[in-house]
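Values quoted throughout were computed directly from the atomic coordinates according to the rules given, and no laboratory measurement underlies them. Treat the numbers as computed from the prediction; the structure is a model and nothing was measured. As a convention, Cβ positions derive from the backbone with ideal geometry for all residues, glycine included, and neighbour counts pool all protein chains shown.
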Amino acid sequence: MFADDQHTASGPFEGPEKLLEIWFASSPADIPDAHSSTDGKYGLRKVPRAVWEEMLDIVKCKILSVVEGMEMDAYLLSESSFFVSPHRLILKTCGTTLNLLGVPRILEIARDAGFPTVHRLFYSRKAFMFPERQQGPHREWKAEIEFLDNLFPNGSAYTVGKVNGDHWLLYLTAPGELSSGSGDTAPSSPQSVLHNVDGVDPEASDVSPPDTPAEEREDETDDAIASDYTIEILMTHLSPEGRAPFFSNSSPEDGDATAGADALALSSDIGITNIFPSHITTLDAYSFTPCGYSCNALLKWRPDAGQDPARSGEGYYTIHVTPEEGWSYASFECNVPLATKPTNKPTSVPDLKTLIRRVVNIFHPGKLTLTLFISSKDNDAAEEDEGETTVEAAQRAFKAALTLPAHARRKSEGEPQCNGTEAGAAGLYKRTDKINYEFGGYDLAFASFELRT
C-alpha cells in the first residue's frame, strides 16, 4: 500500500498506519441542516474534493478514487484511506506520511464549514517497525503528544501493551475543545490478565446464521451500543501464501491503467468480497505496482441507511497490505457493530468471531494485534448475560476465533475458503497479551496473538 515515488528497493516501507479521527459534533443529527438535506450532503460532506486534496498535500498523499455513500464518502489514498461523514472525518495514513501536520488545516476547513470547535479527537497507531524513517512529529510518541497538546488543552495519551513488544498508542480528548480534561478521560486501572490459551472455549461456535436480504433483517444491536464501534486487526509476518497475491506482474504504466479492475478481481479471488455479503457492500480497491493493495468498502448494514441522521445505518471497512518479506503487514478496520457471538436472529452481518476468522484466513499472519474501541456511555445496556461487559465478551470472541484448534472448527456453509496451506489459519494461535481499559465514555479491548510453535 504505497505510492511508487515513496518506495525504493533500498529501504523498507512502514505498513502500520497513523489513525486520526476528529468529531465536530456528537452525531449528524446535531448539525443544523441535517434534516433539510435530501442527499446526505451536509456538514463536512459539502467540502469540495479540491479542498481535501489541498489538505492531503500537507500530509503527503493523494486521492486515487472516491465512493460516495448514503452517509459518508470513502476516499482511497495513495497511502491508505480518508472517510468523511457530515460530523466527523477519519484520516488513516501509512509510510512516512505526516498525518498530524494536516490537523491545523483540517480545523480551518471545519471552521469554514460551520464547526468552530472540536467535539472529540482520537489519534492512535501501532508501534512503528522503522521509527527512524519517520519525519516531523511522528519520529517519536512523545513528539506526537506534544504536537497534539499544543492544539488541544484536554488531551490524554496512553501506551497499551508491552513497551518492548507489540503495543498500541492512543491519544484522545474529552468532549468539547475547551474542556479542562478534569479526569473524564482518565482510565481505570487496566485489567491486564494473561490467560492459559490452550483451553477451548466450550461455547465457541463457527456457525453463523444464514444470510437474508437486508430489507428482511432484524436489528440485533442496540442503538446505544452501536453509537461508536471500531474493530482493528493489525497483522505482521504474513505467510508466503498470504503475501503472494499482492505482487503485480504488470509494468508501472499498465498497472496504473488496470489497478482498480485488477484489485477487484483479486478481492474476489482471495475472499475479501466474502467478508461481508455483496448485497450490502460497495467495494473500491487498488492494486499497486510492483506490490501492495488497498481497499475501502461501504456497508449498508441497515436498510434505512441515510434516512435518519440520528440512526446510523452505513459503515465501512478498509484493508491495506504491504506484502514484502521482512516487513509484511496487513490491516483491517471496520466500524459496523458486530455481535460477540452467533445469534438466532436473521442478519447479513457476521458476528465478531466469524469476521476475525475470515480476515485472518486471508492473510495467515505470524503475529496480530486486535483492538476493539467502543463507546460506553450506556454501558449498563451493553452488558451481556451474567454481567459480562461488551469488551469482556469481545475478548472471549478474540480467543475463540484464534485459539480453537483447526480440527475442532466447524465451517458454516457460507464461510469463505482460504487459499493454500492452513499454516497461518485462524485457530492455530496463542494469546500473548490481553488488556481491557475503561476510558471516559469509551472502553477498549486489546489483545495480541502469535502462531503456536
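Given R₀ = 35 Å, FRET efficiency for residue 159-residue 26 by Cβ-Cβ distance, to 0.05?
Computed FRET efficiency for residue 159 and residue 26: 0.80.
By the rule of a C-alpha distance below 20 Å, with chain neighbours fewer than 8 residues away ignored, the lysines paired with residue 434 are 126, 162, 341, 353, 367, 399. The modelled label-to-label distance between residue 257 and residue 108, using points 7 Å beyond Cα along the C-beta direction, is 4.0 nm.
Rounded to two decimals, the Cα-based Rg/Rh of the stretch 19-58, with Kirkwood Rh, is 1.03.
Stick to the Cα atoms of the stretch 64-155, pair each with every other, and give me the Kirkwood hydrodynamic radius in Å at one decimal. Display every interim value, and only then the final one.
Working: mean 1/r = 0.0683 Å⁻¹.
Roughly 14.6 Å, rounded to one decimal.
Using the Cβ-Cβ distance between residue 250 and residue 343 with R0 set to 51 Å, the FRET efficiency from 1/(1 + (r/R0)^6) comes to roughly 0.75. Sparse packing (at most 15 other Cβ atoms within 10 Å of the Cβ) combined with a DSSP loop state is found for the following GluC sites (Glu not before Pro) in the stretch 89-143: 140.
Loop-located GluC sites (Glu not before Pro) in the stretch 261-350 (DSSP state other than H, G, I, E, B) with a sparse environment of at most 14 neighbouring Cβ atoms within 10 Å: 325.
For the stretch 16-170, the Kirkwood hydrodynamic radius from C-alpha pairs, put into Stokes-Einstein at 20 °C and a viscosity of 1.002 mPa s, yields a diffusion coefficient of 132 µm² per second.
What is the extension gain from residue 53 to residue 140, computed as 0.36 nm multiplied by their sequence separation minus the C-alpha to C-alpha distance, in nm to one decimal? Walk me through the numbers before you get to the answer.
Numbers: separation 87, 0.36 × 87 = 31.32 nm, distance 2.66 nm.
Additional length available on full extension: 28.7 nm.
Using R₀ = 45 Å, calculate the FRET efficiency as 1/(1 + (r/R₀)^6) where r is the Cβ-Cβ separation of residue 62 and residue 388; round to 0.05. Once the sixth-power term is evaluated, E becomes 0.50.
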